[in-house]
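For reference, the structure is listed below as structure tokens.
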Amino acid sequence: ADWAPYRAGCWAWLEPWGWTWIGDEPWGFAPFHYGRWACFRGAWGWVPGRRVQRPVYAPALVAWSDPVAVGRAHCGIQPAAGWMPLAPHAAYVPSYRCSGRYRRQLNAPHVSNGNQLRGAGGHVQATAHVLAGQRVRWPETATGR
């Protein structure tokens, strides 16, 4: 199938989160803001995580790639940005200002090892990016910023 998460829709800058995914799918709100994605035999499926009493919203559960680090060309005059959906058990580290409590609650349904949430945010997100890429051929998407 040609469908992949975080492709049919657009990014919008919304305060206080910053870049937020707006999916075109009529069912797209919860899966893009409250879960992870996995590819099973070439088909994508949503992995909601463990049940928690009060789920916490995220603007988009993706790992961003650095266009300079991966040698990506510019789109017009803007550098391209790439993203891929986070895999199950991958920690999400927000790029926006938030409390440690928010980060722990946001990841509680997906991350069982608290050590994944300690340390620098960039390191944790980079680790999630690498782990996801090793499990399946992730559909990284790119666009001009």
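The values are calculated or read from the model by the stated rules, or taken from the named source; none is laboratory data. Everything quoted here is computed from the prediction, not taken from an experiment. Note that each Cβ is placed from the backbone with ideal geometry, even for glycine, and that neighbours are counted across all protein chains shown.
When residue 108 is tested against (1) at pLDDT 80 or above; (2) under 20 Å from residue 19 (Cα atoms); (3) within 16 Å of the chain's Cα centre (by Cα), exactly one condition is not met: (2).
Is region 77-86 home to any residue that is outside any strand (DSSP E or B), at pLDDT 90 or above and within 21 Å of residue 112 (Cβ to Cβ)? Yes, region 77-86 contains a residue that is outside any strand (DSSP E or B), at pLDDT 90 or above and within 21 Å of residue 112 (Cβ to Cβ). Count of region 1-18 residues, restricted to those that are in contact (Cβ under 8 Å) with a residue 60 or more places away in the chain and not basic (Lys, Arg), is 7. List pairs: first residue in region 27-55 and in contact (Cβ under 8 Å) with a residue 12 or more places away in the chain and within 18 Å of residue 108 (Cβ to Cβ), second residue in a loop (DSSP other than H, G, I, E, B) and of a type in the set (Phe, Trp, Tyr) anywhere in the structure, Cβ distance under 6 angstrom, at least six positions apart or on different chains. As it stands, the answer is 33/57; 55/34, since those pairs meet every condition given.
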